[in-house]
1. Residues that are over 18 Å from the mean Cα position of the chain (by Cα): list the strands (runs of 3 or more DSSP E) wholly contained in segment 21-130 that include at least 2 such residues.
2. Name the single residue, out of those in segment 233-244 being out of contact with any Lys or Arg (no Cβ under 8 Å at 6 or more places or on another chain) and under 18 Å from THR203 (Cα atoms), that is least open to solvent (accessible area, probe 1.4 Å).
3. So if I check each of ASN221, ASN184, which one is over 30 Å from ILE80 (Cα atoms) and either surrounded by fewer than 17 Cβ atoms within 10 Å (Cβ to Cβ) or modelled with pLDDT under 95 (or both)?
4. If a residue has to be closer than 30 Å to ASN171 by Cα and open to solvent by less than 90 Å² (accessible area, probe 1.4 Å) to count, how many in segment 3-37 make the cut?
5. Quick one: in segment 233-268, of everything that is at pLDDT 95 or above and in contact with an Asp or Glu (Cβ under 6 Å, 6 or more places away or on another chain), which residue is farthest from GLN139 (Cα to Cα)?
6. Does at least one position in segment 38-60 carry a residue that is at negative phi, of a type in the set (D, E, K, R), without any contact (Cβ under 8 Å) to a residue 60 or more places away in the chain and loosely packed, with under 13 Cβ neighbours inside 10 Å?
7. Is one or more of the residues making up segment 245-258 among the β-branched types (Val, Ile, Thr), open to solvent by less than 60 Å² (accessible area, probe 1.4 Å), in contact (Cβ under 8 Å) with a residue 24 or more places away in the chain and in contact with a helix residue (DSSP H, G or I) (Cβ under 6 Å, 6 or more places away or on another chain)?
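The values are calculated or read from the model by the stated rules, or taken from the named source; none is laboratory data. These figures come from a predicted structure and were not determined experimentally. Here Cβ is always computed from backbone atoms with ideal geometry, including for glycine, and neighbour counts include all displayed protein chains. We work out accessible area using only protein heavy atoms, side chains counted, and drop any ligands, DNA or RNA first. Shrake-Rupley method; radii C 1.70, N 1.55, O 1.52, S 1.80 Å.
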Amino acid sequence: KSGKGLDSEELGKKVREAAASTSDRIADVPFKAQEPSVTTAQAKKWNVTKVAEFATPYPYDPTRTKNLEAGSRRINGSVILPGESFDLATKFGPVTEANGYYSSGVVVNSVSTKAVGGGLSQIATMAYNAGYLAGMDIQEWRPHNRWFDRYPAGRESTYWEGSINVKWKNNTKAPVVVAMWLENNKVNTAVFGHKTWKVKTTTSDFYDYTSGPTLTSDDPNCIPESSGKKGFTVNVTRTRTNVETGEVLEDSQTTRYEGWPNVTCSKD
């Protein structure tokens, strides 16, 4: 319905004038009538419903949980228009303490350590599965080097600012809305849009098991580890059936996980 809003150009002009004033530094900016960019009739034609949902448990770690809360808030309510892409890096913004993130556990070069934003890979996995299970076209993602069993093997993603991202394209005729929140010790996501794809996934048995490497790290935040989990390879296949045209698309991916290493920390 019709409403009121600010004209951005007029706002900028008035603020600049007020900032340059040597006396009365007040900017009076009138509201202007604005019509909605989307009408109720258009929205009803989209026939939006829940098209996917997913959840993963998170470990007890109060600092890491703060990062999960910060990351999920930035994604919750995201709207991706037809033909546009969900871009996790854009949603997160700079991963800095000034932007509300904290230092927590990460894995760098197979070694457990700490970095600002530790835990955001769980949000990356949630964002990846939101698009994957909704039938969207996956454009960017990268699995972890080692498998964390709170995530589905071969169907998860890590995140590292500037080099590893999660990105997927809305291939439907209606906007997609992504909800994400923390509840009952789980990160939850739901995707709302026009039901376009029936999605089925299959995961192979694990195979080609390998032992983890033995490493020595001089990282000041290094955490020593004793290998207990073997590495393996797994195949995941997704079949998408267009509920309107009957078109069937299939994509498969093979993920190779390293074994968990034996790590000695030399903090000289």
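1. Ranges flagged: 32-34, 48-57, 103-108, 111-116.
2. Looking at residues that are out of contact with any Lys or Arg (no Cβ under 8 Å at 6 or more places or on another chain) and under 18 Å from THR203 (Cα atoms), I get VAL234.
3. Values: ASN184 fails: over 30 Å from ILE80 (Cα atoms).
Selected residue: ASN221, the only one of ASN221, ASN184 that is over 30 Å from ILE80 (Cα atoms) and either surrounded by fewer than 17 Cβ atoms within 10 Å (Cβ to Cβ) or modelled with pLDDT under 95 (or both).
4. 2
5. In this case the residue turns out to be THR233.
6. Yes: segment 38-60 contains one or more residues that are at negative phi, of a type in the set (D, E, K, R), without any contact (Cβ under 8 Å) to a residue 60 or more places away in the chain and loosely packed, with under 13 Cβ neighbours inside 10 Å.
7. The answer is no; no qualifying residue exists.
Conditions tested, residue by residue: (1) charged (D, E, K, R); (2) touching a residue at least 60 places away in the same chain (Cβ under 8 Å); (3) surrounded by fewer than 21 Cβ atoms within 10 Å (Cβ to Cβ); (4) more than 30 Å from GLU244 (Cβ to Cβ).
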site	(1), (2), (3), (4)
GLU97	yes, no, yes, yes
TYR101	no, no, no, yes
LEU133	no, yes, yes, no
ASP137	yes, no, yes, no
ARG142	yes, no, yes, yes
GLY154	no, yes, no, no
THR158	no, no, no, yes
GLU161	yes, yes, yes, yes
TRP168	no, yes, no, no
